[in-house]
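A.B. asks: Before I ask anything, here is the structure I am working with.
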There are 2 protein chains.
Amino acid sequence: MMSATLNGLDLEQLRLIDQTARSNPEAVAALNRWSARVRWQNGFTAQALIRNHTLTLGEPAELAGDDAAPNAVEYVLAALGACLIVGFVFNATRRGIAIKNLELALDGQIDNIGVFLGLGQTGHPGYREVTVKAYVDADADEAVLREVWAETVKTSPVGNTLARQVSLKPELAVVSTP
Amino acid sequence: MMSATLNGLDLEQLRLIDQTARSNPEAVAALNRWSARVRWQNGFTAQALIRNHTLTLGEPAELAGDDAAPNAVEYVLAALGACLIVGFVFNATRRGIAIKNLELALDGQIDNIGVFLGLGQTGHPGYREVTVKAYVDADADEAVLREVWAETVKTSPVGNTLARQVSLKPELAVVSTP
């Protein structure tokens, strides 16, 4: 028997994940750890190797790149947007809500990119603010959709990563490659 | 006459960017704003539209995805890695250092993914800590490379975005699409 799907998600699979999460703390803990390798290619282009996937990251011409791909700060916006979409679809599906359309427009404001360019020390070169405008069309009352959205924002992994201070541990090894 | 390149970067173009940055505050301010649109596709798969580029973001099978692409928290690691690579190449090139190899291994530790899965409220589902191990082979003394690395970490746009609190402004519009 084929199991039922909603929003492209297998409901039986969602139920099993929920059951595993509740009964197996080790399975949940395993989902707390994520990894990537990133390799310089040439100029400002790099490749990220993540499990079986390869991503390209670059810079636009204004920043001396060859525009092979979005740059790192654009990737951050894509990550936040996708995280909120996955969260919204997850939370809506668990309530039995069918989604017709869901699209997000994200704008990030960097405090002072000049610090990255080596110009003075006023402010910092990270995002100061990110606005997200979400447009949703779904089979539920507006009040319910607002509840799902609020829950999604509050429990978003990337949203919490950005809104809070992450402890960075950078380390350099100088090596000699053949 | 062709202009000189180092590490795949056009040195004359780098000089012009530096000159523009110093003389034209508006050109610098324009580089403070970045945008993306992210559209839900199906299940946990989304597409990000960034300038002329399209990225796919998904979830692995453990999270009910079809593993079409890395997920949002993996994208964050890729973004941090590429940002540090671009910064290192930029800062090294300005010092005339030729880079042979540069590769980063990133590991992110989420505080408690259970909050995203709807299990309890202990902790938060964002990254608590991210470790970055960089391996570099370049034509310079180790002390100089460590200086370039320290400067790169300090002035990294994504590094500062993660290490500091970003103000998120989420907004939902409920629409009806034809």
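A.B. asks: Across peptide B:141-150, how many C-beta atoms of other chains are within 10 Å of each residue C-beta, on average?
C.D. replies: 2
A.B. asks: Give the span of the stretch B:104-178's Cα atoms along each principal axis, as three whole-Å numbers ordered largest to smallest.
C.D. replies: 60, 33, 24
A.B. asks: To continue, here is another question. Choose one answer from B:Gly43, B:Gly118, B:Gly65: the residue with the largest mean-square fluctuation in a GNM of chain B with alpha-carbon springs under 10 Å.
C.D. replies: B:Gly118
A.B. asks: Mind checking A:83-93 for the average number of partner chain beta-carbons within 10 Å of each residue's beta-carbon?
C.D. replies: Partner Cβ neighbours, averaged per residue: 6.
A.B. asks: How far is A:Ser23 from itself in the other copies, in nm, if each label sits 7 Å out from Cα along the Cα-Cβ line, shortest first?
C.D. replies: Ordered by increasing distance: 7.1 nm.
A.B. asks: Defining the label point at 7 Å along Cα→Cβ, can you sort the distances from B:Lys133 to the same site in each other copy, shortest first, in nm?
C.D. replies: 4.5
A.B. asks: Right, something else. Taking neighbour Cβ counts within 10 Å as the exposure measure, how do B:Leu145, B:Leu162 sort from fewest upward?
C.D. replies: B:Leu145, B:Leu162
A.B. asks: In addition: Could you state the number of Å between the C-alpha centres of the stretch A:118-178 and the stretch A:1-54?
C.D. replies: What the calculation gives is 18 Å, centre to centre.
A.B. asks: Name the most mobile residue of B:Val38, B:Val158, B:Val89, meaning the one with the largest mean-square fluctuation, in a Gaussian network model of chain B with Cα contacts below 10 Å.
C.D. replies: Comparing B:Val38, B:Val158, B:Val89 in the GNM, the peak value goes to B:Val38.
A.B. asks: Relative to the longest principal Cα axis of chain A, at what angle does helix A:142-154 sit, 0 to 90 degrees, rounded to 10?
C.D. replies: It is inclined by approximately 40 degrees.
A.B. asks: Here is a further query. When Cβ neighbours within 10 Å are restricted to other protein chains, what is their mean count per residue of peptide B:128-134?
C.D. replies: Partner-chain Cβ atoms within 10 Å, mean over residues of B:128-134: 6.
A.B. asks: Have a look at B:Ser35, B:Ser23, B:Ser167 and tell me which one the Gaussian network model of chain B (Cα, springs below 10 Å) gives the largest fluctuation.
C.D. replies: Top of the fluctuation ranking is B:Ser167.
A.B. asks: Out of all Cα-Cα pairs in the stretch B:1-69, roughly what percent, to the nearest whole number, are more than 15 Å apart?
C.D. replies: Cα-Cα pairs of the stretch B:1-69 separated by over 15 Å account for 70 percent.
A.B. asks: Now, a different point. Can you give the translational diffusion coefficient of the protein assembly as shown in µm²/s, computed by Stokes-Einstein from the Kirkwood radius over Cα pairs at 10 °C and 1.306 mPa s?
C.D. replies: Details: Rh = 20.9 Å.
Translational D for this selection: 76 µm²/s.
A.B. asks: Still on this structure, I have one more. Can you find, among B:Trp34, B:Leu106, A:Ala143, the residue sitting farthest towards the positive end of the charge dipole of the protein assembly as shown, where Lys and Arg contribute +1 and Asp and Glu -1 at Cβ?
C.D. replies: A:Ala143
A.B. asks: Could you give the dipole magnitude of the stretch B:19-178 about its Cα centre, charging the beta-carbon of Lys and Arg +1 and that of Asp and Glu -1, in debye to the nearest 20?
C.D. replies: My answer is approximately 740 debye.
A.B. asks: Any chance you could give the angle, 0 to 90 degrees and rounded to 10, that helix B:72-94 forms with the longest Cα principal axis of chain B?
C.D. replies: Between helix and principal axis, roughly 10 degrees.
A.B. asks: How big is the Cα convex hull of chain A in projection, averaged over all directions, in nm²? Let's see the in-between values first.
C.D. replies: Numbers: hull surface 61.3 nm².
If I average the Cα hull's projected area over directions, I get 15.3 nm².
Rule-based calculations on the coordinates, nothing more; no lab input. The shown structure was predicted, so the numbers you read here are calculated from the model rather than taken from an experiment. Cβ sites come from the backbone with ideal geometry, for glycine too, and all protein chains shown count toward neighbours.
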